[in-house]
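Report on the structure given below.
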Amino acid sequence: MINKKVKSKNNFFWIYAVILAIFLGIFFLKSSFYNPKKINQDYFFKIFIKGDVKKIIIKHRELVLVYLKKENLSYTDRINPFINRKKIMTNSFQYEFEIGDLQFFQRKFEEYKKKYHLNTIIDFKNQQEYTITKFFFDYGIFLILLIIFWVFIFRKIGATGGGPGGQIFNIGKSRARLFDESDNIKITFKDVAGLEGAKEEVQEIVEFLKSPKKYTKLGGKIPKGALLIGAPGTGKTLLAKAVAGEAKVPFFSLSGSDFVEMFVGVGASRVRDLFEKAKDKSPCIIFIDEIDAIGRARGKSSIAGSNDERENTLNQLLTEMDGFGTHTNVIVLAATNRSDILDKALLRPGRFDRTILVDPPELNERKEIFQVHLKKLILSKKVDIDFLARQTPGFSGADIANICNESALIAARKNRSQIENKDFLDAIDRIIGGLEKKNKIIKPNEKKRIAYHEAGHAMISWLLEHAAPLVKVTIVPRGKSLGSAWYLPEERQLTTPEQMKDEICALLAGRSAEEIIFNSISTGALNDLEKVTKQAQSMVVIFGLNEKIGNISYYDSTGQNEFTFSKPYSEKTAQIIDEEISKIINEQYKRAKNILKNNEKKLSLLANKLLEKEVLFREDLKNIFGERSFSC
Ligand code: ADP
């Protein structure tokens, strides 16, 4: 296979080389044989009165082309055996010159003609007349070079974008990957952990594909498409593959961006091709990942015409989805994490008439996902899946799969025969915080400041009822951070203002601790301040949790009214909002400072322990502060 490819590449190289050589040869021959000489007017009249000139052509009123009589052509040059030089010479002019004043020239010409009884013809040409040979000689070489260049460019594009075969002719063909019986990928619902609701919904699609008659015999129509909506990595592709695996039908998989190409019209043609192929393989499933790449609402762009290609592709997709009848048995599954920006036309019944939400996994679901991915690993008996699931709130299925893989690599690096609990924790740390940078040079006084900063966070989150409980605190630099406190956020569906305030207080505790101990603050709190500001802002403008602003929310779920240009509130309200945000933050900062001041000794104890050990866990905090009691 590889040899064949190399051979065909070589063949093309030789064809190009020969074509180039031929045309370069012709070009040089042309310049050596066919090269009219430039003369001046005086010289012309000299040969003219001698009677050597057969005819002249005045071109564009400024250039004179001089044709000599046959007998006056000189044949002293070398004769090329392949080119009839004589013919070329007699058929074309031999001299040319420019004239300044046409009338003066004409008068002089007629005068001499009469005087010397000459029969020289004079002709005028205002339009350039090109014989094919002339055109070829003048521009042919450049034309050919241009064609070779274009063929080269198109072949390159074809090789990268034209799909199988690497030809420009494949550019309008769909780039969907087909999984059918010949592939050994057999994913079923067993491989998809959790997602019970979503699974139930897609189960029905499997039924439609397996026995369509059961549903159509009463006159019902089989849905043409379903839209899977969920954050990246939550298992949308996996779910679609499982549908194909369960229904035992072919599965075409591609991404929305696969339709888009630099050439206009390619997207629409790829959509057409995809549906043609799918109809051939029916019953089957087409899975379009990231459909928002083409399914974005039409006509919202401010630059007219900038999105034409995408719109054409979307229009074609809509037409195809409308076009195929119920009997074709092709179901389109599409995935996106931005359903809000999709064109409404996509969501109307008859197209993607089912919307299936794929939520991030909850505690139990995470446990199940761990179970699926841990099956392939060699584990120590002490690995506690329950604990791992609790340690990974907010993680998607893909994140969990990644943790499992990473922990196996970490254990292997440490030459262990089994994967331990600690390897999983290291993998989680690494995925959240980036790689440990033990060798980063930090000055002792900076290290002390970092220790107090982190101790401040740890202490407040221990002492406040609603702050997320601490898992561990460390001053080992990791990724961009110099130290960090890791919490285990409570998985709740609703949040109260008290909970939000406690969280703000814990976030501000780092800076407060620095101020109490060093009497100065630092830039180390940037991350905390960003979170705090957003939290306070959301309390006031989004959730209606502020007394002065009241039960008002300026949140716009449609995303159409950006705050950038016009604010939905008056200047006066804007001022109140600013004041209220500052008030919340200042209050919590003071609160954090008070708590830390009252427990300064314990804070120092914790910071020193941190400097000594670099990492502290829940147990260490329990030893210093005792069991959590919520008096603050
Ligand atoms: P999405 O399409 O939503 O971005 P994928 O379906 O591609 O996500 O998921 C990526 C990987 O994450 C899968 O290959 C699988 O290993 C893992 N994964 C995600 N969700 C689950 C789940 N519910 N059960 C098991 N594995 C999952």
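Output the residue which, of all residues in segment 395-427 that are within 16 Å of the ligand (Cβ to nearest atom) and touching a residue at least 40 places away in the same chain (Cβ under 8 Å), is surrounded by the fewest Cβ atoms within 10 Å (Cβ to Cβ).
Within segment 395-427, the match that is surrounded by the fewest Cβ atoms within 10 Å (Cβ to Cβ) is ALA398.
LYS173: out of contact with any strand residue (DSSP E or B) (no Cβ under 8 Å at 6 or more places or on another chain), at pLDDT below 75, closer than 30 Å to ARG296 by Cα and among the charged types (D, E, K, R), yes or no?
yes
Under 6 Å between Cβ atoms, at least 6 apart or on separate chains: pull out the pairs that start in segment 345-356 with a residue that is of a type in the set (Ser, Thr, Tyr) and end on any residue that is at pLDDT 80 or above.
Every condition considered, the pairs that remain are THR355/LEU227.
Do the conditions hold for ARG366, that is, is it among the charged types (D, E, K, R) and away from the ligand (no atom under 12 Å from the Cβ)?
Answer is no for this residue.
Working only within segment 259-294, note down all residues that are modelled with pLDDT under 80 and either surrounded by fewer than 23 Cβ atoms within 10 Å (Cβ to Cβ) or within 16 Å of the ligand (Cβ to nearest atom) (or both).
VAL260, GLU261, MET262, PHE263, VAL264, GLY265, VAL266, SER282
What residue, among those in segment 211-234 that are outside any loop (DSSP other than H, G, I, E, B) and more than 16 Å from the ligand (Cβ to nearest atom), is surrounded by the fewest Cβ atoms within 10 Å (Cβ to Cβ)?
Here the residue is LYS213.
If PRO349 meets every condition in (1) under 30 Å from GLY225 (Cβ atoms); (2) part of a loop (DSSP other than H, G, I, E, B); (3) not assigned by TED's automatic domain parsing to the domain that holds CYS284 apart from one, which number is that one?
(3)
Being at pLDDT 90 or above, buried (at least 16 other Cβ atoms within 10 Å of the Cβ) and outside any helix (DSSP H, G or I) is true for just one of LEU616, LEU603, LEU545. Which residue is that?
Step by step, each of LEU616, LEU603, LEU545 is checked, and only LEU545 is at pLDDT 90 or above, buried (at least 16 other Cβ atoms within 10 Å of the Cβ) and outside any helix (DSSP H, G or I).
Can you go through LEU379, LEU388, LEU374 and tell me which one is within 13 Å of the ligand (Cβ to nearest atom), farther than 24 Å from ILE229 by Cβ, surrounded by 14 or more Cβ atoms within 10 Å (Cβ to Cβ) and not assigned by TED's automatic domain parsing to the domain that holds ARG492?
Of LEU379, LEU388, LEU374, the one residue that is within 13 Å of the ligand (Cβ to nearest atom), farther than 24 Å from ILE229 by Cβ, surrounded by 14 or more Cβ atoms within 10 Å (Cβ to Cβ) and not assigned by TED's automatic domain parsing to the domain that holds ARG492 is LEU374.
Restricting to segment 94-114, and then to whatever is surrounded by 13 or more Cβ atoms within 10 Å (Cβ to Cβ) and without any contact (Cβ under 8 Å) to a residue 60 or more places away in the chain, can you tell me which residue is farthest from LYS59 (Cα to Cα)?
LYS113
The values are calculated or read from the model by the stated rules, or taken from the named source; none is laboratory data. For clarity, every value in this text was computed on a predicted model and none was experimentally measured. As a convention, Cβ positions derive from the backbone with ideal geometry for all residues, glycine included, and neighbour counts pool all protein chains shown.
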